[in-house]
Amino acid sequence: MDPSPRAQLPSALVLSLGGTIAMAAPGAGHGGVAPRLTAEDLVAAVPELAEEAELELRDFRKIPGAWLEIDDIAAVAELLNKQAAAGTTGFVITQGTDTLEEVAYLLDLLYEGAAPVVVTGAMRNAQMAGADGPANLLAAVRTAVSPQARDMGVLVALADELHAARHVQKVHSTSPSAFCSPGAGPIGYLVEGRPRFHFTLQRQPHIELPLTRPASVEVIEATLGSEGAFLDAAGSLDGLVVAAFGAGHVPRAWAPRLGDLASRVPVVLTSRTGAGSVLTHTYDFGPGSETDLLGRGLINGGRLEPRKARLLLLALLRSGADQTMVQAAFAAHR
Ligand code: ASP
């Protein structure tokens with residue numbers, strides 16, 4: 001007797017957090033959009049999903065990407081770790097694209113399972129012509145249940161491209177192709193509806209939950225002629241990430257103040273360019289060069305762009321990591 005095809009479907013959990021993919025206006029054509037759709041609504045718009053997986057649906061949050069908090073994502077990670085251990089084949093997170101790259105990266109740090117986790121969203125809401133949510137959701141589910149995506153940590157699926165959480169960035173405010181991986185490129189594509197990977201990834205070391213220690217970490221960006229007024233407020237922080245010019249440079253007046261702060265809390269040097277590495281000893285023009293700043297005790301953020309460096313530092317501090325652990329974690333990114 002042939003088993004029914006449905007019995008053979010893999011299991012996938014779809015967690016809806018909100019965002020444009022779940023946004024609609026209060027009345028057809030009236031007013032601005034806000035998160036109103038449930039995970040069930042999203043799935044109902046994509047009949048093909050019934051052939052891909054046995055879906056479990058959860059409305060975990062119903063908020064814009066900008067409202068998500070670190071604790072929300074820690075709670076998602078805890079749930080994924082539990083369900084992965086219990087045998088769920090794959091996971092899809094739908095959420096606002098505003099913070100999608102940060103959520104994907106933070107989850108990648110906290111998730112321990114081998115089952116694929118795929119984060120997706122939409123740039124056009126469900127009521128717009130050419131809404132991209134349904135196609136993105138289908139691509140995400142197909143990737144989440146793909147054996148090839150196992151053990152790659154957290155991936156991002158949008159516009160038929162697959163990106164690694166550690167590389168992906170939102171680089172356009174409205175385009176349906178708003179996501180790219182500067183300096184790396186997509187890790188794969190959906191071809192005729194199936195994920196195809198160009199290369200594999202080594203998992204990054206994970207950070208232990210829970211994130212119960214309070215910690216405050218901010219990013220400060222170097223800009224032409226800035227006097228660094230924000231640095232005056234940095235004394236109350238537990239850590240700071242500097243989004244520096246180019247290969248790791250800041251206005252000269254910042255250097256002694258950053259050095260002073262680095263003697264008390266971790267201060268991480270990254271590049272505001274969004275791709276490439278912070279250098280270590282190429283420029284030595286005095287105050288504000290990378291050689292000067294690293295000599296003053298700043299931590300080299302390597303290839304991590306500022307927002308991801310902030311999440312790494314924040315997650316480490318909130319999990320109780322000491323200075324040696326922080327140094328070691330960033331050293332792995334050079
Ligand atoms: N403002 C939306 C959000 O992040 C943008 C989006 O989802 O594309 O919630």
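Please count how many residues of region 113-131 are in contact (Cβ under 8 Å) with a residue 24 or more places away in the chain and either among the hydrophobic types (A, V, I, L, M, F, W, C) or surrounded by fewer than 24 Cβ atoms within 10 Å (Cβ to Cβ) (or both). Before you say what the answer is, go through the steps one by one.
Filtering region 113-131 for residues in contact (Cβ under 8 Å) with a residue 24 or more places away in the chain gives 113-127, 130.
Imposing the further condition that a residue be either among the hydrophobic types (A, V, I, L, M, F, W, C) or surrounded by fewer than 24 Cβ atoms within 10 Å (Cβ to Cβ) (or both) reduces the set to 113-115, 117-119, 122-127, 130.
Number satisfying all stated conditions: 13.
For region 1-33, the candidate set comprises residues that are aliphatic (A, V, I, L, M) and surrounded by fewer than 16 Cβ atoms within 10 Å (Cβ to Cβ); within that set, the residue that is modelled with the highest pLDDT is A25.
Going by what's in this entry, would V265 be described as of a type outside the set (S, T, Y), part of a strand (DSSP E or B) and under 16 Å from N300 (Cα atoms)? The answer is no for V265.
Being assigned to a loop (DSSP other than H, G, I, E, B) and within 16 Å of the ligand (Cβ to nearest atom) is the filter here, so list the residues in region 130-173 that pass it. Before the answer, list the steps.
Our first condition is that a residue be assigned to a loop (DSSP other than H, G, I, E, B); within region 130-173, this holds for 130-132, 145-146, 150-153, 159-160, 165-168, 171-173.
Answer for region 130-173, where residues must be assigned to a loop (DSSP other than H, G, I, E, B) and within 16 Å of the ligand (Cβ to nearest atom): G130, A131, D132, A159, V168, V171, H172, S173.
The residue that is surrounded by the fewest Cβ atoms within 10 Å (Cβ to Cβ), among those in region 72-99 that are away from the ligand (no atom under 12 Å from the Cβ) and charged (D, E, K, R), is K82.
Only one of the numbered conditions (1) away from the ligand (no atom under 16 Å from the Cβ); (2) without any contact (Cβ under 8 Å) to a residue 60 or more places away in the chain; (3) hydrophobic (A, V, I, L, M, F, W, C) is not met by I63, and that is (1). For region 102-129, a residue qualifies if it is under 22 Å from S146 (Cβ atoms), within 11 Å of the ligand (Cβ to nearest atom) and not hydroxyl-bearing (S, T, Y), and the qualifying residues are V103, G121, A122.
For region 38-53, the candidate set comprises residues that are in contact with a Leu (Cβ under 7 Å, 6 or more places away or on another chain) and surrounded by fewer than 16 Cβ atoms within 10 Å (Cβ to Cβ); within that set, the residue that is farthest from A84 (Cα to Cα) is E48. Applying the condition of being surrounded by 22 or more Cβ atoms within 10 Å (Cβ to Cβ) and of a type outside the set (A, V, I, L, M) to region 100-112 and asking which residue is farthest from A309 (Cα to Cα) yields Y111.
From the list L231, L304, L279, L224, the one residue that fits, being assigned to a loop (DSSP other than H, G, I, E, B) and farther than 22 Å from R334 by Cα, is L224.
So that you can scan it fast, the table gives a plain yes or no per residue for (1) among the acidic types (D, E); (2) closer than 19 Å to R61 by Cα:
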site: I93; (1), (2): no, yes
site: Y105; (1), (2): no, yes
site: D132; (1), (2): yes, no
site: A159; (1), (2): no, no
site: H163; (1), (2): no, no
site: P182; (1), (2): no, no
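Any idea which of L258, L231 is touching a residue at least 40 places away in the same chain (Cβ under 8 Å), more than 21 Å from Y105 (Cα to Cα), of a type outside the set (V, I, T) and surrounded by 15 or more Cβ atoms within 10 Å (Cβ to Cβ)? It would help to see each step written out before you state the result.
Details: L231 fails: touching a residue at least 40 places away in the same chain (Cβ under 8 Å).
Of the residues listed, the single one that is touching a residue at least 40 places away in the same chain (Cβ under 8 Å), more than 21 Å from Y105 (Cα to Cα), of a type outside the set (V, I, T) and surrounded by 15 or more Cβ atoms within 10 Å (Cβ to Cβ) is L258.
Consider V242 carefully, then state whether it is of a type in the set (V, I, T) and touching a residue at least 24 places away in the same chain (Cβ under 8 Å). It would help to see each step written out before you state the result.
Details: of a type in the set (V, I, T): yes; touching a residue at least 24 places away in the same chain (Cβ under 8 Å): yes.
Yes; evaluated as a whole, the condition is true for this residue.
Which residue pairs have Cβ atoms under 7 Å apart, sit 6 or more places apart or on different chains, and have a first residue in region 186-212 that is part of a loop (DSSP other than H, G, I, E, B) and a second that is exposed (fewer than 13 other Cβ atoms within 10 Å of the Cβ)? Filtered contacts from region 186-212: I187/H198; I187/F199. Only a single criterion out of (1) under 20 Å from E54 (Cα atoms); (2) surrounded by fewer than 16 Cβ atoms within 10 Å (Cβ to Cβ) is not satisfied by E69, namely (1).
The values are calculated or read from the model by the stated rules, or taken from the named source; none is laboratory data. Quantities reported herein were computed from a predicted structural model and do not represent experimental measurements. For neighbour counting, all protein chains shown are included, and Cβ atoms are generated from backbone atoms with ideal geometry for every residue, glycine included.
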